[in-house]
1. Output yes when any residue across region 312-319 is surrounded by 18 or more Cβ atoms within 10 Å (Cβ to Cβ) and either more than 21 Å from the chain's Cα centre (by Cα) or under 24 Å from Ala67 (Cα atoms) (or both), and no when none is.
2. Could you list, in sequence order, the residues of region 356-382 that are hydrophobic (A, V, I, L, M, F, W, C) and touching a Phe, Trp or Tyr at 6+ places or on another chain (Cβ under 7 Å)?
3. Tell me which residues, restricted to region 1-30, are in contact with a Ser or Thr (Cβ under 8 Å, 6 or more places away or on another chain), over 27 Å from Asp389 (Cβ atoms) and assigned to a helix (DSSP H, G or I).
4. Evaluate region 353-372: report whether one residue or more is surrounded by 20 or more Cβ atoms within 10 Å (Cβ to Cβ) and in a helix (DSSP H, G or I).
5. From the set of residues in region 373-385 that are out of contact with any Gly (no Cβ under 8 Å at 6 or more places or on another chain) and buried (at least 24 other Cβ atoms within 10 Å of the Cβ), which is farthest from Phe397 (Cα to Cα)?
6. So which of Leu363, Leu302 is closer than 20 Å to Ile246 by Cβ, in contact with a Cys (Cβ under 9 Å, 6 or more places away or on another chain) and modelled with pLDDT of 95 or more?
7. Looking at (1) part of a loop (DSSP other than H, G, I, E, B); (2) touching a helix residue (DSSP H, G or I) at 6+ places or on another chain (Cβ under 8 Å); (3) open to solvent by less than 80 Å² (accessible area, probe 1.4 Å); (4) over 28 Å from Gly339 (Cα atoms), find the lone condition where Glu77 falls short.
8. Could you list, in sequence order, the residues of region 160-182 that are farther than 14 Å from Tyr356 by Cβ, touching a residue at least 60 places away in the same chain (Cβ under 8 Å) and not in a helix (DSSP H, G or I)?
Amino acid sequence: MEKNKATFAIENNKAFKIKMLNWSRRFNIFCFLDSGHRPDDESSFDYLLAAGCKRSVSITHENGLEALQVFADLNKEWFFGHLGYDILNKRTVNNKAPENDVDFGDGFFFIPEILLLLKDNKLTIESEHRDKTEIFNAINKEDDFINRPGPVNIEFEYGISREEYKSIIQDLKSHILRGDCYEINFCQHFYASNVSIDPFFYYSRLAEISPNPFSTFYKLNDKYCLCASPERFIKKSGNTIFSQPIKGTSKRDLTDAVADLKSKQHLMNSAKEKSENVMIVDLVRNDLSKICTEGSVGVKELFGIYSFPQVHQMISTIEGEIEPGTKLTDIIKACFPMGSMTGAPKIKVMELIARYEHFTRGLFSGSIGYINPEGDFDFNVVIRSLFFDETKKIISFKAGGGITFNSEAEQEYEECMLKAEAIIRVLKMKGL
């Protein structure tokens, strides 16, 4: 309702973003979405902060997505939250998150007490019971910088060695040769124990080093997700639904324009990368066809090349039309988890992922996003992310890539390390 909203002018988006982050420290639950660096500039916000929890719902294997649908039906408001990778994966229902990982649970959504939407130097504050001017003044009093903490010695351990990784890649290629699958996304797990950090500082640093259009800073009580994702999982706008899988990566060279262009052109012309990308495009088309009207699913853009600060990415866009009244959970069931983080065919590769990765993915390769009062939504793919458990003093992250029969194990290992580079840099890790 309009009476619950107020709009304020600000001078500097970037500086006010830091004020918003500092102000959010007082909340046990918040979700900060950063789309200020989106290449297509089609977002309705630069920064969106949902702070505090008015009402919430936890989603588990036991209640499935039905609890989410009931929550959505009863609450025609903004709500934010996450879906863990395994929420629909019955193969891992009895698996537990390892002790050296950060466990966010299967899924969680909340209606915020306060919503802040910042776009083009205009801040809209929405709150049912709080005075909007008081909120604005409180945020404005915050510092526009985040204090740098003292040096932190972080020694990461690897879930598997380089040689173990390469051996598993050969096993996966054997499955592909037998016809079990065409492509499979395989990931590694990195973790550090007995570590305390200021997640606000490291998120701001991660966002500065690796600005991406679906970055997220998410706090759920004592757990934090610091996410620098470039990838959209799925978006609904009216009756249009679309997905933008990423498959294909090449390293940028910001010191040499010629070398940078050469890397971009190599990605653009790579038969291997195009092969991986088109397989996932076909998978997403199949997923969308389950809930879209007949004949409406199409590829809006195939093999689009987008440049980010550290890498060039190959991104395709698939869209379709749904019938009015299509349930939120029917869309999720048809499309989740995202094909770019599984492979093809999806069911079989999820079985192989559970068999070979030796850990539960948890929030990694799950999704964080929002649903607005009109029922439209936007969700990212949780990749390029750092997870921190303040109570257990554990930091973890995961990284991986798509494996095909033409994959070279050593090259895949190096690409996996490239994808983790932003996190490695932000924590000053050495020796990887």
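The values are calculated or read from the model by the stated rules, or taken from the named source; none is laboratory data. Values in this document were obtained by computation on a predicted structure and should not be read as measured data. Every residue, glycine among them, receives a Cβ derived from its backbone with ideal geometry; neighbour counts consider all protein chains shown. Side chains are part of the model used for accessible areas, which takes the heavy atoms of the whole protein and leaves out ligands, DNA and RNA. Shrake-Rupley method; radii C 1.70, N 1.55, O 1.52, S 1.80 Å.
1. Residues of region 312-319 that are surrounded by 18 or more Cβ atoms within 10 Å (Cβ to Cβ), as a first pass: 312-319.
Adding the requirement that they be either more than 21 Å from the chain's Cα centre (by Cα) or under 24 Å from Ala67 (Cα atoms) (or both) leaves none.
So far as region 312-319 goes, no, none of its residues is surrounded by 18 or more Cβ atoms within 10 Å (Cβ to Cβ) and either more than 21 Å from the chain's Cα centre (by Cα) or under 24 Å from Ala67 (Cα atoms) (or both).
2. Let us first name the residues in region 356-382 that are hydrophobic (A, V, I, L, M, F, W, C), namely 359, 363-364, 368, 371, 377, 379, 381-382.
Leu363, Phe364, Ile368, Ile371, Phe377, Phe379, Val381, Val382 - these are the residues of region 356-382 that are hydrophobic (A, V, I, L, M, F, W, C) and touching a Phe, Trp or Tyr at 6+ places or on another chain (Cβ under 7 Å).
3. Matches in region 1-30: Asn4 only.
4. Looking for residues that are surrounded by 20 or more Cβ atoms within 10 Å (Cβ to Cβ) and in a helix (DSSP H, G or I), one finds at least one in region 353-372, hence yes.
5. Taking region 373-385 first, the residues out of contact with any Gly (no Cβ under 8 Å at 6 or more places or on another chain) are 373-375, 381, 383-385.
Retained after the next criterion (residues that are buried (at least 24 other Cβ atoms within 10 Å of the Cβ)): 381, 383-385.
Working: Val381: 14, Ile383: 9, Arg384: 8, Ser385: 6 Å.
Applying the filter and picking the extreme gives Val381.
6. Values: Leu302 fails: in contact with a Cys (Cβ under 9 Å, 6 or more places away or on another chain).
After applying the criteria, what remains is Leu363.
7. (2)
8. As a first pass, look at region 160-182 and keep what is farther than 14 Å from Tyr356 by Cβ: 161-163, 177-179, 182.
Of the ones still in play, those that are also touching a residue at least 60 places away in the same chain (Cβ under 8 Å) are 162, 177, 182.
Residue satisfying the conditions is Tyr182 alone.
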